[in-house]
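The values are calculated or read from the model by the stated rules, or taken from the named source; none is laboratory data. Please read these numbers as outputs of a predicted model, since none were measured by experiment. Cβ sites come from the backbone with ideal geometry, for glycine too, and all protein chains shown count toward neighbours. Areas reflect the complete protein model, heavy atoms only, side chains present, ligands, DNA and RNA absent. Shrake-Rupley method; radii C 1.70, N 1.55, O 1.52, S 1.80 Å.
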Amino acid sequence: MFMGMTMQMKTNIKDKLQKIDKDHLKLLSDIGIVAEKTDLKAYLVGGMVRDILLGYENLDIDIVVENNASKLAEALVKRFPNCELSAKHDKFHTAKVIFNINGKKIPVDLASTREEIYEHPAALPTVSVSDLKKDLYRRDFTINALAVSILPHNFGEVADLFHGLDDLKDKKIRVLHDLSFIDDPTRMIRAVRFAVKLGFEIEEHTKLLLNDAMKSGKFDNLIQKIRGDRVKIEIRYLFNLQNVEEAIKAFFESGIYKMISVNLKPCRGLSRQAPTNILRDCSRQWLIYLAVIIKDLKTDEQEKILTNLQMTSDEIKIVNKGISTYSDLVNRSINITSVYQSLKHIPNESVILINLLAKLENNEKIGSLIDEYIENISKIKLNICGDDLIGLGVKEGKEIGKILDKIMELKIKNPSMKKDDEIEEAKKLLKD
Ligand code: CTP
C-alpha cells in the first residue's frame, strides 16, 4: 500500500454515482458485490469517472480488477444468467462481459491492473499484471487516472494517487510522467482533444513536453511509421468535437498536425465561423474536416495519408469524390443542371464537403448552387419509372436511364411537372 493512497482514499463520490442511469448504477454495485465475494478489488476507471466528476454523461464502464480480471469475469457469468462473456484476452489480461438488462445490452470492459513497458517509443507495450498504482501510472493524464472503488464496503471511494481531482478542479491536462508522449504519441492528440472539449488548459510542463516532442522531428509523418489506425481514432474524436474550428486551430498551433504530414498548412477560412450548421445531420464531420485539411496537398500525398490512416474504402471515396468534384466545379462554368449531374452519384458526405469547401473559399456561385441542390434539387423525384418507358416501347437497357435523366433535367427547371407531363416529354424524346 502507498502512503499517499491511504490519505486520498477519503474522497467518496457515492452521491455523484447515484445520479447516473439507474441500471448502470445497479450493475456497478452488483459487480462490486461479486468482486468482494471473490476476494478481488474492483474499481471504475477512465473516462466514465472523469465525466461523472465533471457532470457529463458517459456510460462506458471500464473496470480494473486488482489483479485478476478473468476470475471476476467468470464469477460474473456464473452469478448472473443475464451476463455473457463476449471476449477474453489472456495475453492482455482483459475480458469483456455483456449484461442484458431490461432488454438493454450493457457492455462492461474488465482489465487486470496492468503495467505497460514500452520497448521503444511508439511501440505496442509489453503488458504484465501489477497493482493499482502502476496501472493508474501507465495512463495518459491525471484526470484519467482516477479509480473509484465499487466494492460494497467502500463504494464510491476515490483512489486519487496523482492529484487528478485537483487537476479536474483547476482544469488542467497533465501527464503522469515525462516519457508519456514518447511512449504513446497519440496522447498528444488526446491532450489537445481534452483541452478543447472540456475547456481545460494543457498544464505548462506538459505543454513543454508536447512542444519538445513535436519540435524534435521524431514524430514527423508518424503515420508512415506506426499503425495509423490509432491515430485515426484520435483524429476522429478530435474533428468530431462540436467546437471543431477550435479543435483544428489547436491541431495546427500545437504542432500535432505534423504526425499526419509536415506539409499540412492551416486552412483558410476556418478561423472565422465555418458553416458547421450544414453538418448538423452528418455523423462523419471528422472525415469532412480531414478532407478540408488535406485538400491542398498533392493527390498522391493525400492518398498516402488516407491509406496510412487505414481508412475504409467508403471513407476514401467520400474524401476523394468530394475533393475531385469540387476542383472540377471550380474549373468549369456551371449551372444547376450540371451541378445535379456532378453530384447525383456521389455520397451525401462528399456533397457536404464540397459545400463546406465552397463556403470556406468564399466561392459564392458553387456555394449557392450546392445549397439549392441540397435544399431542393436532391429532393425532386420523377413520377415515372423504367416500366413506364418500357410501356412506351423502349427496350430494357441503358437507354432507359438516359431518357429518365433527360426528363429529370427538365423537371429541375420545372419542378411542378406531373406524371402526364413527364410521359409527354418522354414521348417527345423518343420521337427525336
Ligand atoms: N488511455 C491512455 N492512453 C491512451 C488511451 C487511453 O492512458 N492513449 C487510458 C486513459 O486512462 C483513458 C482510458 O484509457 O481514460 C480509456 O480510454 P478511452 O476510452 O480511449 O478514452 P476515455 O478517457 O474513456 O475518453 P472518451 O470516452 O472521451 O474517449
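Residues of segment 27-39 that are open to solvent by 50 Å² or more (accessible area, probe 1.4 Å) and in contact (Cβ under 8 Å) with a residue 12 or more places away in the chain: 33, 36, 37. Within segment 189-211, if we keep just the residues that are within 17 Å of residue 137 (Cα to Cα) and open to solvent by less than 20 Å² (accessible area, probe 1.4 Å), the residue that is nearest to the chain's Cα centre (by Cα) turns out to be 191.
Number of residues in segment 29-48 that are of a type outside the set (Ser, Thr, Tyr) and either within 22 Å of residue 139 (Cα to Cα) or not assigned by TED's automatic domain parsing to the domain that holds residue 147 (or both) equals 8. Of the residues making up segment 338-351, those that are closer than 24 Å to residue 245 by Cβ and either open to solvent by 30 Å² or more (accessible area, probe 1.4 Å) or not in a helix (DSSP H, G or I) (or both) are 347, 348, 349.
Among the residues of segment 235-249, those identified as within 16 Å of the ligand (Cβ to nearest atom), in a helix (DSSP H, G or I) and surrounded by fewer than 21 Cβ atoms within 10 Å (Cβ to Cβ) are 236, 237.
So that you can scan it fast, the table gives a plain yes or no per residue for (1) within 16 Å of the ligand (Cβ to nearest atom); (2) farther than 29 Å from residue 165 by Cβ; (3) in a helix (DSSP H, G or I):
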{"position": "24", "(1), (2), (3)": "yes, no, yes"}
{"position": "32", "(1), (2), (3)": "no, no, yes"}
{"position": "36", "(1), (2), (3)": "no, no, yes"}
{"position": "48", "(1), (2), (3)": "yes, no, yes"}
{"position": "51", "(1), (2), (3)": "yes, no, yes"}
{"position": "63", "(1), (2), (3)": "yes, no, no"}
{"position": "70", "(1), (2), (3)": "no, yes, yes"}
{"position": "91", "(1), (2), (3)": "no, yes, no"}
{"position": "107", "(1), (2), (3)": "yes, no, no"}
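Suppose the filter is modelled with pLDDT under 90, open to solvent by 40 Å² or more (accessible area, probe 1.4 Å) and charged (D, E, K, R); does residue 398 pass it? Taking the combined requirement at face value, the residue satisfies it.
Determine if segment 115-133 includes at least one residue that is assigned to a helix (DSSP H, G or I) and either more than 12 Å from the ligand (Cβ to nearest atom) or loosely packed, with under 14 Cβ neighbours inside 10 Å (or both). Yes - at least one qualifying residue is present in segment 115-133. For segment 137-152, residues that are open to solvent by less than 40 Å² (accessible area, probe 1.4 Å) and more than 13 Å from the ligand (Cβ to nearest atom) total 3.
Of the residues making up segment 220-234, those that are within 14 Å of the ligand (Cβ to nearest atom) and without any contact (Cβ under 8 Å) to a residue 60 or more places away in the chain are 230, 233, 234. Would you be able to say whether some residue in segment 40-47 is open to solvent by 60 Å² or more (accessible area, probe 1.4 Å), over 21 Å from residue 145 (Cβ atoms) and not polar (S, T, N, Q)? No, the conditions are met nowhere in segment 40-47.
Tell me, yes or no, whether segment 261-269 has at least one residue that is assigned to a helix (DSSP H, G or I) and either surrounded by 17 or more Cβ atoms within 10 Å (Cβ to Cβ) or out of contact with any Cys (no Cβ under 8 Å at 6 or more places or on another chain) (or both). Don't jump to the end; show me each part of the working.
Here is the first cut: in segment 261-269, the ones assigned to a helix (DSSP H, G or I) are none.
No: segment 261-269 contains no residue that is assigned to a helix (DSSP H, G or I) and either surrounded by 17 or more Cβ atoms within 10 Å (Cβ to Cβ) or out of contact with any Cys (no Cβ under 8 Å at 6 or more places or on another chain) (or both).
Among the residues of segment 153-188, which ones are within 13 Å of the ligand (Cβ to nearest atom), part of a helix (DSSP H, G or I) and open to solvent by 10 Å² or more (accessible area, probe 1.4 Å)? Within segment 153-188, 168, 182, 183, 187 qualify.
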